[in-house]
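To keep things clear, I will list the structure first and then write my remarks on it.
The values are calculated or read from the model by the stated rules, or taken from the named source; none is laboratory data. Computed from a prediction, not measured in an experiment: that's the story for all the values here. In this analysis, Cβ positions are derived from the backbone assuming ideal geometry, glycine residues included, and neighbour counts consider all displayed protein chains. Ligands, DNA and RNA are stripped out before the accessible areas are found, and what is left, the full protein with its side chains, is counted by its heavy atoms. Shrake-Rupley method; radii C 1.70, N 1.55, O 1.52, S 1.80 Å.
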Amino acid sequence: MTDDRPTDPSPRKPRVALMGEFSAGKSTLANLLLGQNSSPVQVTATQLPPVWYQLGTPGAQRIGLDGAATPLPAEDWTAVSPEDTQMILARLDADILQACDLIDLPGTSDPNMAPDFWDTFLPKVDLAIWCTPANQAWRQSEAALWEQVPPQLWTKSLLLITRIDKMQGERDRARVVARVRAEAGALFRDVLPISLTGALAGRDNDDVLETTGAAALVRFLCHALEGLDPPAPVETPRAAATVTPVHQNPPPSPAAGADIDTGTEPRIVPRRITRSKSQGARSRPEHRTA
Ligand SMILES: Nc1nc2c(ncn2[C@@H]2O[C@H](COP(=O)(O)OP(=O)(O)OP(=O)(O)O)[C@@H](O)[C@H]2O)c(=O)[nH]1
Ligand SMILES: [Mg+2]
């Protein structure tokens, strides 16, 4: 039987998934990378479905389990139930979205997620940033889930040790980074520490961005996105039930006059950091095989 689905010749953008357990800093990271406070951040667990960020005229849609999209008031995400929602599709005008889509995911042990969610979702992802809080970094439950992900993600993805500011002194920080590198380094392209809240508070200051780890994160992302295989052309699905939001609603062209970068270098806030990408993130070609 032939497959007569039309194919959109334009390649889709790479998809970067922000993963980790509850309160690991995924939404704080999303907001840092987006350069705006879009993802809800709270001390207790957030009850939200995945939030998929794409470049476009600002606006959000709730995508139901059947693939149907309904408009969502910008500030009303807290009312969205993960039980009957596939995801929130949020369009924003953010520099990083010129280079990739960002997906802010629920905690990996969220009981609201369908049992097969990770199995069906992860093959759609090109690169993951796994957030693990420094004070309890790389728990067994995290390792167990990461070992189940498609192995091609291991060599591309980043393990980000968040809340590094909670460690007392340089020695404790170095110790936790060394331990996590030893335990998980072979399953990631790199392991980096960061203070997300510190970076957010000082995002306009180069020194703060270096010392908090945000600059290294941006360098990693530039290199990782550059090294990805070109994504496959977008396949137009046949039935609404099989629609993922990125297919159903291709992002509108950037607004006329927008400063479009056609190269591969993403301009992540603050833009000037990405220009120093030649300093490079360390690459870890070795990885464990399945
Ligand atoms: N001190 C410190 N606090 C952080 C850091 N990253 C995140 N937090 C705090 O941790 C709490 C949870 O952050 P979120 O970004 O909401 O975490 P999340 O992973 O999105 O949480 P869920 O969506 O509920 O799974 C918030 O109070 C953040 O301010 C960090 O690097 N340092
Ligand atoms: Mg969150």
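Here are a few things to note about the model shown:
- Hits in the stretch 187-215 (condition: in contact (Cβ under 8 Å) with a residue 40 or more places away in the chain, open to solvent by 30 Å² or more (accessible area, probe 1.4 Å) and away from ligand 2 (no atom under 16 Å from the Cβ)): 189, 193, 203, 204, 206
- Scanning the stretch 100-142 for residues that are open to solvent by 20 Å² or more (accessible area, probe 1.4 Å), within 20 Å of residue 14 (Cβ to Cβ) and in a loop (DSSP other than H, G, I, E, B) yields a count of 1.
- Of all residues in the stretch 143-160, those being without any contact (Cβ under 8 Å) to a residue 40 or more places away in the chain and open to solvent by 10 Å² or more (accessible area, probe 1.4 Å) number 5.
- Residue within the stretch 117-133 that is within 16 Å of the chain's Cα centre (by Cα), more than 16 Å from ligand 2 (Cβ to nearest atom), closer than 27 Å to residue 205 by Cβ and acidic (Asp, Glu) present: no
- Any hit, the stretch 161-178, residues being open to solvent by 10 Å² or more (accessible area, probe 1.4 Å) and within 20 Å of the chain's Cα centre (by Cα): yes
- Count of residues meeting criterion [within 10 Å of ligand 2 (Cβ to nearest atom) and either at pLDDT below 90 or open to solvent by 30 Å² or more (accessible area, probe 1.4 Å) (or both)] in the stretch 11-67: 10
- A single entry from 31, 37 fulfils the requirement of being more than 7 Å from ligand 1 (Cβ to nearest atom), over 19 Å from residue 111 (Cα atoms) and free of Cβ contacts under 8 Å to residues at least 24 places away in the same chain: 37.
- Residue satisfying condition, being basic (Lys, Arg), away from ligand 2 (no atom under 16 Å from the Cβ) and within 19 Å of residue 135 (Cβ to Cβ), within set 173, 163: 173
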